[in-house]
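The structure appears below as structure tokens.
The values are calculated or read from the model by the stated rules, or taken from the named source; none is laboratory data. All figures in this text were calculated on a predicted structure; none of them were measured in a lab. Methodologically, a virtual Cβ is constructed for each residue, glycine included, from the backbone with ideal geometry; neighbour enumeration extends over all protein chains shown.
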Amino acid sequence: MKTLPAVDAVIVGGGWAGLLMAKELGARTFLSVVVLERGPSRQSYDYATDMDELDYAIRLRMMQDLSSETVTLRHDASRGAVPLRQHGAFLPGAGVGGSGEHWNAQVPRFLPDSFELLSKTTARYGASALPEGHAVRDWGITYDELEPYYTRVDKLLGSSGQAGNVRGKLIDGGNIFEGWRSEQYPTPPTKVPYFAALFRDAAKSLGYHPYPAPSANISRAYTNPDGISRGGCTYCGFCGRFGCMVGAKAQPTNLLLPIIQKRKNVSVRTGAWVRRILFEPAPKFAARGVSYVDARGEEVFQPASLVFLASWTFNNTRLLLLSGIGEPYDPATGRGTVGSNLTHQVSVPSATAFFDQPLNRFMGAGSAGFLFSDYDRDDLDRSSLGFLRGGYFGARGYGFQPIAAFGVLPDSVKATWGADWKKAAVFFYDRTATIGFAGEHLAYKTNLMDLDPVYKDTLGDPLLRLTLNWRDNERKMAEFATPIAVRVARAMGAREINPFPGLRSYDATRYNSTHIQGGTIMGNSPADSVVSSYLQHWQLPNLFILGGSTFPQNASANPTPTILAFVYRTADAIIDRYLKHPGPLA
Amino acid sequence: MRRRHFLTLSAATLGGVLVYSLDRKAALLSAQHGPVRIPLRFLTETEAHIVAAAASRIFPSDDSGPGAREAGVAVFIDRQLAGSYGRDRYRYTQPPFEDAPREFGYQGSATPRQIYRKGLKGLEGFHLLSPTAQDEALRKIESTVFFALLRQNTIEGMFCDPIHGGNAGMVGWQLVGFPGPRMSNLEEVEKYYGQPFRPKPRSLRQTTGAKARPTEDQP
């Protein structure tokens, strides 16, 4: 194996987390930084001609190539897993920018109690309120400590929205149930597609508190603190699963890459498939760098003083397991930490509504819409609901395209092909819309990741195995949400409504969200976590793990702003403290 | 080297000429004369006729508007099967192949090409049957992987960008009121609440002026 010249920092993964760290280290220090990205290189202007539903939204051109590596899944430990041979429940991206290129750019924050879930829940309801077999944890940080970093993220992205709580002052029209914000959003809310406007008015009439969905597809031109300018969203509707054709959507390629490319001390190597983190064993315990297969197929060793894992939930976890760093979690004994706390946001279409009038659904953006969070708040009395925590309801005008949207029909239509089906599907094509619900997923001892004993990637390494299923808490939560969404749909004037039939077993074929978390979680102690809240590995202090893999349980909110807030905090701690005195930060 | 196959379409069956107004009345703007011979990339001529006939029963041409025949769905499917999709370029296809419940997704080893080849063998002579007999034959295979694929690919061929060989003349988009890619709906997104907004469809090439290459045309 060839050894390359040593660098100060190597970052595995060129998505949101990895490129933000590269930008911070690159622009604020003189450290030499190398980003290793497995997928292709990419620039924001590549997207001018990508508005092709078939290649991008159906054949999923921007996602990871599963022919070389996928994950396996089983519902519980009593049987063997099978590989997920095609994309379904989640869509990890590939290439520079990662999933941050094809996202819908929804940018809510997590609720304050999320970060102290174990202690807050126990204090409020007693330890017996937590379901049997849970693995709920405190994160080792409070919302108040994280808030300044959230605000930096909103300024980076130029987030559009209406604040509902600025320093404790509640503001009508914003989300009054969320944690305090130190400032208003940098840009005002986006425009409102028709269906979302119907939802807003109906929710209000029923006494809920709808607010504009926070969006990083920005409502108007904005220049961020790094001097990056972009124009406002044009509601073309080609958003999630696409890169933004006009650059209004916040993406690593338009916010971070231009700065990185100007810095001589940072380089991005594409086609670099990292296989192992190499480390000095005890008593020295330090990461030495990473080995990877480069674009020409040659295996090389990249030594580095600092190692960052920033390669999405699955690969962060898998690289620790393959490298033998830390003890794999064993649900039978409760020993070990790597691979524990696998969670997936509970995201369901609670009510699919059919209208008499056309909705013009081709116009929209990935987060143009309205939400209400009356059942997604820390002060809700949950003792009578039969489940813990909650979620928010939403109607978004994502921008719908016909291959995916055609053929969604009221349950009363039985035909699935032929003349009757076609006639109904043509009629309902632009008269159909969904009220969604996104809820928290508690961590359980039985939901975890480890290495699969049977299936391998094209390089011969074992695939990551997910053991994952829903439990009563999630099923009851989804069940609770359905009649509420149906009531709202009725108030919107829907002529027919399909209620969500309920969560059964974890279904890898229905798109849920790309918000899978856990595996290398943060916490207060090395006994039950992999990293501290500075995302620093407990045993190897020069190894940092960035991304949703560090989240102990899944919030109702979409994770990107929280991921980025933690990256900012870690970057500050490294630059201000670690570089002067290398060692544990927590 | 396989023998060259062509799908011959007559003017009466070729799309690209129907325009739908807002009240969904079809208007024939112009007719093309003479048959058109389209070279096939994967299917044989007989297979293409069976695919075209089956797609036409799934998505018929009738008083509710044009269907798979006018959109050129068979041409679309032929190109998809010839390209990376048809040979499962992006699917995890390593053994062992185990049976698993539906929630784990398709676990078979057969590629779309193999599924079609085998499925079409079971439909020999299908294109020569009466529409009623064709529906009967399709009902018998309704629960197969082949039929699910054929149905999904028919929808794709109805509504894809014309760059892929389906949705000829954008008949699929006109049928449902989809305008194709538009650079901006900024002025319109809040203007047409409750009213249909139906700009004339334009394809990706017409909108961007760029010659994007579809995946199936790439090596």
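Observations on the model:
- Within region A:481-513, tally of residues that are more than 28 Å from the chain's Cα centre (by Cα), among the charged types (D, E, K, R) and either closer than 30 Å to residue B:106 by Cα or not in a helix (DSSP H, G or I) (or both): 2
- Considering (1) modelled with pLDDT of 95 or more; (2) within 10 Å of chain A (Cβ to nearest Cβ); (3) over 20 Å from residue A:406 (Cβ atoms), the lone condition that residue B:143 does not fulfil carries the number (2).
- Any hit, region A:462-482, residues being surrounded by fewer than 19 Cβ atoms within 10 Å (Cβ to Cβ) and either among the aromatic types (Phe, Trp, Tyr) or more than 30 Å from residue A:519 (Cβ to Cβ) (or both): yes
- Flag if residue B:171 is touching a residue at least 60 places away in the same chain (Cβ under 8 Å) and either among the aliphatic types (A, V, I, L, M) or assigned to a loop (DSSP other than H, G, I, E, B) (or both): yes
- From the list A:246, A:192, the one residue that fits, being under 30 Å from residue A:490 (Cβ atoms) and not in a strand (DSSP E or B), is A:192.
- In region A:232-259, of all residues being in contact with a Lys or Arg (Cβ under 7 Å, 6 or more places away or on another chain) and either aromatic (Phe, Trp, Tyr) or surrounded by fewer than 24 Cβ atoms within 10 Å (Cβ to Cβ) (or both), the one that is nearest to residue A:512 (Cα to Cα) corresponds to A:235.
- Residues that are among the small types (Gly, Ala, Ser) and more than 7 Å from chain A (Cβ to nearest Cβ) were ranked within region B:190-213; the one that is nearest to residue A:355 (Cα to Cα) is B:203.
- Residues in region B:146-184 that are more than 7 Å from every other protein chain (Cβ to nearest Cβ) and at positive phi: 5 in all.
- Only one entry of A:163, A:197 meets the criterion of being assigned to a loop (DSSP other than H, G, I, E, B) and either of a type in the set (Gly, Ala, Ser) or in the same structural domain as residue A:123 (by TED's automatic domain parsing) (or both), and that entry is A:163.
- Within region A:101-135, the set of residues being free of Cβ contacts under 8 Å to residues at least 24 places away in the same chain and within 25 Å of the chain's Cα centre (by Cα) comprises A:118, A:119.
- Members of region B:96-115 that are more than 19 Å from residue A:76 (Cα to Cα) and outside any helix (DSSP H, G or I): B:96, B:97, B:106, B:108, B:109, B:110, B:111
- If the condition is being in a loop (DSSP other than H, G, I, E, B), touching a residue at least 60 places away in the same chain (Cβ under 8 Å) and more than 10 Å from chain B (Cβ to nearest Cβ), then region A:221-241 contributes A:224, A:225, A:226, A:239, A:240, A:241.
- Candidates in region A:242-276 are the residues that are more than 12 Å from every other protein chain (Cβ to nearest Cβ) and among the β-branched types (Val, Ile, Thr); of these, the one that is nearest to residue A:8 (Cα to Cα) is A:266.
- Scanning region A:460-474 turns up at least one residue that is away from chain B (no Cβ under 14 Å), over 30 Å from residue A:358 (Cα atoms), outside any strand (DSSP E or B) and of a type outside the set (Asp, Glu).
- Under the condition of being hydroxyl-bearing (Ser, Thr, Tyr), closer than 18 Å to residue A:455 by Cα and in contact with a strand residue (DSSP E or B) (Cβ under 9 Å, 6 or more places away or on another chain), the residues counted in region A:69-120 number 2.
- So residue B:45, is it in contact with a helix residue (DSSP H, G or I) (Cβ under 8 Å, 6 or more places away or on another chain) and of a type in the set (Asp, Glu): no
- Failed item in (1) hydroxyl-bearing (Ser, Thr, Tyr); (2) part of a loop (DSSP other than H, G, I, E, B); (3) surrounded by fewer than 16 Cβ atoms within 10 Å (Cβ to Cβ), with residue B:93 passing the rest: (3)
- Only one entry of A:204, A:264 meets the criterion of being part of a helix (DSSP H, G or I) and surrounded by fewer than 23 Cβ atoms within 10 Å (Cβ to Cβ), and that entry is A:204.
- Top-ranked residue in region B:149-167 [being touching a residue at least 40 places away in the same chain (Cβ under 8 Å) and polar (S, T, N, Q); ranked as surrounded by the most Cβ atoms within 10 Å (Cβ to Cβ)]: B:167
- Filtered residue count, region A:69-92, keeping only those that are outside any loop (DSSP other than H, G, I, E, B) and touching an Asp or Glu at 6+ places or on another chain (Cβ under 6 Å): 2
- Among the residues making up region B:157-179, those that are among the small types (Gly, Ala, Ser) and farther than 22 Å from residue B:83 by Cβ are B:169, B:177.
- Any hit, region B:112-126, residues being closer than 14 Å to residue A:86 by Cβ, modelled with pLDDT of 95 or more and touching a Pro at 6+ places or on another chain (Cβ under 9 Å): no
- Count of residues meeting criterion [away from every other protein chain (no Cβ under 11 Å) and of a type outside the set (D, E, K, R)] in region B:129-140: 5
- Region A:1-48, residues that are modelled with pLDDT under 95, of a type outside the set (Phe, Trp, Tyr) and buried (at least 18 other Cβ atoms within 10 Å of the Cβ): A:42, A:44
- Inclusion of residue B:126 among residues that are surrounded by 16 or more Cβ atoms within 10 Å (Cβ to Cβ) and within 11 Å of chain A (Cβ to nearest Cβ) is not warranted.
- Residue that is modelled with pLDDT of 95 or more, within 14 Å of another protein chain (Cβ to nearest Cβ), in contact with a Phe, Trp or Tyr (Cβ under 6 Å, 6 or more places away or on another chain) and under 19 Å from residue A:206 (Cα atoms), where the choices are A:370, A:437: A:370
- Condition met for residue B:187 (part of a helix (DSSP H, G or I), more than 8 Å from chain A (Cβ to nearest Cβ) and not small (Gly, Ala, Ser)): no
- Here residue B:116 meets each of (1) surrounded by fewer than 19 Cβ atoms within 10 Å (Cβ to Cβ); (2) hydroxyl-bearing (Ser, Thr, Tyr); (3) touching a Phe, Trp or Tyr at 6+ places or on another chain (Cβ under 9 Å) with one exception, condition (1).
- Pairs where the first residue, in region B:98-113, is more than 9 Å from every other protein chain (Cβ to nearest Cβ) and the second is aliphatic (A, V, I, L, M), C-beta under 7 Å, 6+ apart: B:112/B:81; B:112/B:149; B:113/B:81
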